[in-house]
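The values are calculated or read from the model by the stated rules, or taken from the named source; none is laboratory data. From a predicted model like this one, the values you see are computed outputs, not experimental measurements. Virtual Cβ from ideal backbone geometry, glycine too; neighbours counted across all protein chains shown. In case anyone asks, the SASA skips ligands and DNA or RNA and just uses the protein heavy atoms, side chains included. Shrake-Rupley method; radii C 1.70, N 1.55, O 1.52, S 1.80 Å.
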Amino acid sequence: MSTRNPLYTNPKSCKHLEDYKLSHGLDGFNSLQKHIKTTPSGKSSINQSQARIPRCGFCDGYRERLYLCLICSSISCSSHTLLHSQSENGHDIAVDVERSELYCVVCCDQVYDPDFDRIVMLKHIMDLPPNKSGVFADEEGGGAVRRSSKRRRFVSGLEFDSKKSKQLVVSMRDLRAKSCYPWGLRGLNNLGSTCFMNSVLQALIHAPPFRNYFLSDQHNHEVCKKRSSDRLCLPCDINVIFSAAYSGDRTPYSPAQFLHSWWQHSANLASYEQQDAHEFFISVLNGIHEKEGKARSLGIDNGDCQCIAHKVFSGLLRSDVTCMSCGFTSTTYDPCIDISLNLDTPNCSPTNLANKSVKPTENTGISTLSGCLDLFTKPEKLGSDQKLFCENCQERQESLKQMSIKRLPSVLCLHVKRFEHSPIKKMSRKIDRYLQFPYGLDMNPYLSSSVVRNRFGNRIFGVEGDDLDTSAEYEIFAVVTHSGMLDSGHYLTYLRLRNQWYKCDDAWINEVDERVVRASQCYMLFYVQKTLYYKANEDLSCQPISSRKDPFVPIAGCC
């Protein structure tokens, strides 16, 4: 559904990886290929010796993540990779033993390289089991089928024996049929500190109304007249990602073209550094609105904008400021595409989580989502330095402020404030507190109608503008988590599809127990209206092959 954009280029590579390739070329990549172990499901790992378990050369440990140095082949755990680099000058690039992914020791993050990707994919192709005739035949008996364009690209870029090349006519249908993951579940390669992007994209890909819009081809780049000569169309590139995710291909996809397009729309965030997942989410939706918004409403309900970002994620907040002197209340409304919540005060010790089987690493307490929402809608006394002008008193007075939700969106995004800045200490820190959240969420207590009635002791039987048409019952479908420290953490997403949780950690996807999800430090929670959730589950069958008529067009060197 997408043609190759002439302005597209691969994202800038890690400087340390560039230095390594300049000194050693592809020798390290090629020599490592024979040690790559692949599985039919698409996973790969490094297996140097069948006889022994790999261990760290410094501490002899094997339980932490292990990395193989591309220069000297020594193995270090995640705690000692930097020590190895400091003791051996230039030994900055390693390979994750468990995942066969490049890792920069200095940057402390995964790095993407198309040359290494080709070598790993070629190994996958060569390890695919042939049928009796030595050819990967179409399972319907129609003879050999054509390789995917992705496979063709990898094979054509490398030289090997011509007899073997005849055997590499791959039937992707055979491979995909072995996977019964829900439709649309596909890993995303880390392009270098892009876990923040991958985690949010996984949530967007599986947001039912958002997904339906792009899968029904309502944004078709062929008829998109908004693309200019110097800027890419962000919705068009999101459409490419949906095509890739729902193509039926289970091999990890590299959203490099989208990353480049996003950089063009968010120049202030375009850098080879880790970004905040929440800021990325806001930036993407703003980019979609900029391209698709037919009108930008300044009204209280944002009703004129018909872009998909606002139709799915936009709600309306109500702010009531009451004068503490005369009781006069001033009401304002503001559109929102998410709600940011402060963690409430913990009321228990996290000795046990999730059926008393998973313990957190720090005794920092547990907050609850209902407590956070109660705190959000709780009346707040503004300080003496925040006195507001009262229209009735005609002077500045001390006042109370109370927030509530006037209109709920189809998809509700709740952002948990885990990063705070201290103006006194002039430093930022991460709040490592666990948050309990329900699968089913009733937002009725936080609607303006309920909050205002409660404020007056339920003596008001009707509130102007009560909206009873919008359902306030929600089901959770995605959780974005953040682990690690403020400046060197890692994002991943848990998806709830057909009542099963899946962990999406960049390129890797696997089923997990709900106890693992509950024990994670959630950063963004995505809820969808209950009726839409169950409708989506009915539509989301275990289909190994996409039913879309238009296959996605891969971008050379990226997927």
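Side notes on the structure shown:
- Of all residues in region 374-392 being in contact with a Phe, Trp or Tyr (Cβ under 9 Å, 6 or more places away or on another chain) and open to solvent by less than 40 Å² (accessible area, probe 1.4 Å), the one that is modelled with the lowest pLDDT: CYS390
- Tally of residues being out of contact with any Pro (no Cβ under 6 Å at 6 or more places or on another chain), crowded, with 19+ Cβ neighbours inside 10 Å and either aliphatic (A, V, I, L, M) or at pLDDT below 85 (or both) across region 520-559: 8
- The condition of being in a helix (DSSP H, G or I), open to solvent by 30 Å² or more (accessible area, probe 1.4 Å) and either over 23 Å from HIS490 (Cβ atoms) or modelled with pLDDT of 90 or more (or both) holds for GLU290.
- Apart from one condition, PRO235 fits all of (1) assigned to a helix (DSSP H, G or I); (2) modelled with pLDDT of 90 or more; (3) open to solvent by less than 10 Å² (accessible area, probe 1.4 Å); the exception is (2).
- For beta carbons closer than 7 Å, sequence separation of 6+ or different chains, a first residue in region 213-237 that is polar (S, T, N, Q) and a second that is at pLDDT 70 or above, there are no qualifying pairs.
- On the stretch given as region 99-128, residues that are open to solvent by 20 Å² or more (accessible area, probe 1.4 Å), within 18 Å of ASN30 (Cα to Cα) and in a loop (DSSP other than H, G, I, E, B) total 3.
- Note on region 511-540: residues that are among the aliphatic types (A, V, I, L, M) and either part of a strand (DSSP E or B) or in contact with a Cys (Cβ under 6 Å, 6 or more places away or on another chain) (or both) total 4.
- Residue count for region 470-498 satisfying the condition of being free of Cβ contacts under 8 Å to residues at least 40 places away in the same chain and under 15 Å from VAL516 (Cβ atoms): 2.
The rows are residues; the columns are (1) open to solvent by less than 10 Å² (accessible area, probe 1.4 Å); (2) in a strand (DSSP E or B); (3) at pLDDT 80 or above.
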| residue | (1), (2), (3) |
| --- | --- |
| LYS401 | no, yes, yes |
| SER404 | yes, yes, yes |
| CYS413 | yes, yes, yes |
| GLU420 | no, yes, no |
| SER428 | no, yes, no |
| LEU435 | yes, yes, yes |
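- Residue satisfying all of: in region 179-214; surrounded by fewer than 18 Cβ atoms within 10 Å (Cβ to Cβ) and modelled with pLDDT under 90; nearest to the chain's Cα centre (by Cα) among these: PRO182
- Just so you know, in region 75-90 the residues that are touching an Asp or Glu at 6+ places or on another chain (Cβ under 8 Å) and surrounded by 14 or more Cβ atoms within 10 Å (Cβ to Cβ) include one that is farthest from GLY61 (Cα to Cα), and it is SER85.
- Check on ASP109, among the charged types (D, E, K, R), in contact with a strand residue (DSSP E or B) (Cβ under 9 Å, 6 or more places away or on another chain) and more than 19 Å from LEU32 (Cα to Cα): yes
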